[in-house]
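One structure below.
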Amino acid sequence: GIDADCGHAMPTITLIEHNGTSHTIEAEPGVSLMQNAINNAVPGIDADCGGACACGTCHVFVAAEWLPQSGEADAMEEAMLGMRPDRSEVSRLSCQIEVSQDLDGMVVSLPEFQM
Ligand code: FES
């Protein structure tokens, strides 16, 4: 999409709730996927710690083909993800994914519960 303020394209990201409800948002680059989801009132991301990589309640499953573009989980994120029983190989903490134009078209799924 086009950002009306500055004319720059904004990456479009789709978040799919566990019940199948899909939300396609125009995401703000330079801001985390977690914050973008909250700003767009996408349910299913609790983000209890506000993005400090300390709660694990912003867990998402990145569509496998988008995993490389989403970046690498650092040691702290790995530790948080390791505590999640529903962790999979495509798990990321959405507060640790910084939106950029490279993520235009990305699809992520949300877990049934944030725990
Ligand atoms: Fe707490 Fe991401 S918001 S770990």
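Rule-based calculations on the coordinates, nothing more; no lab input. On a predicted model such as this, the values are computed, not experimentally measured, just so you know. For neighbour counting, all protein chains shown are included, and Cβ atoms are generated from backbone atoms with ideal geometry for every residue, glycine included.
Details
- The relative contact order of the chain comes to 38 percent, based on Cα pairs under 8 Å that sit 6 or more residues apart.
- 3J(HN,Hα) from dihedral phi, the range 62-68, Karplus parametrisation 6.51/-1.76/1.60, rounded to Hz, x for glycine, proline: 7, 3, 3, 6, 9, 4, x
- Net charge dipole, the range 1-96: roughly 160 debye, given to the nearest 20, about the Cα centre with Cβ charges of +1 for Lys and Arg and -1 for Asp and Glu.
- Theoretical gain in end-to-end length, SER100 to GLU78 [0.36 nm per residue, Cα-Cα removed]: 5.7 nm
- Long-range amide H partners of GLY71 with built H, under 5 Å: none
- Estimated vicinal HN-Hα couplings, Hz - the range 84-101 in sequence order (Karplus 6.51, -1.76, 1.60; Gly, Pro = x): 9, x, 9, 4, 10, 6, 10, 6, 9, 8, 5, 6, 9, 9, 8, 5, 9, 4
- Shape box of the chain [Cα atoms, principal axes, largest first, Å]: 42, 30, 27
- Phi to ³J(HN,Hα) by Karplus 6.51 cos²θ - 1.76 cosθ + 1.60 over the range 18-27, Hz, x for Gly, Pro: 4, 7, x, 5, 10, 10, 9, 10, 8, 8
- The packing ranking, built from the mean of other Cβ atoms within 10 Å per residue, places the peptides 83-96, 50-63, 18-31 in the order 50-63, 83-96, 18-31, highest first.
- Positive minus negative residues near PRO43 (Lys, Arg vs Asp, Glu; Cβ under 13 Å): -3
- All alpha carbon pair distances within the range 42-85 were sorted into 5 Å bins beginning at 0; the resulting P(r) in whole percents reads 5, 21, 26, 27, 18, 2.
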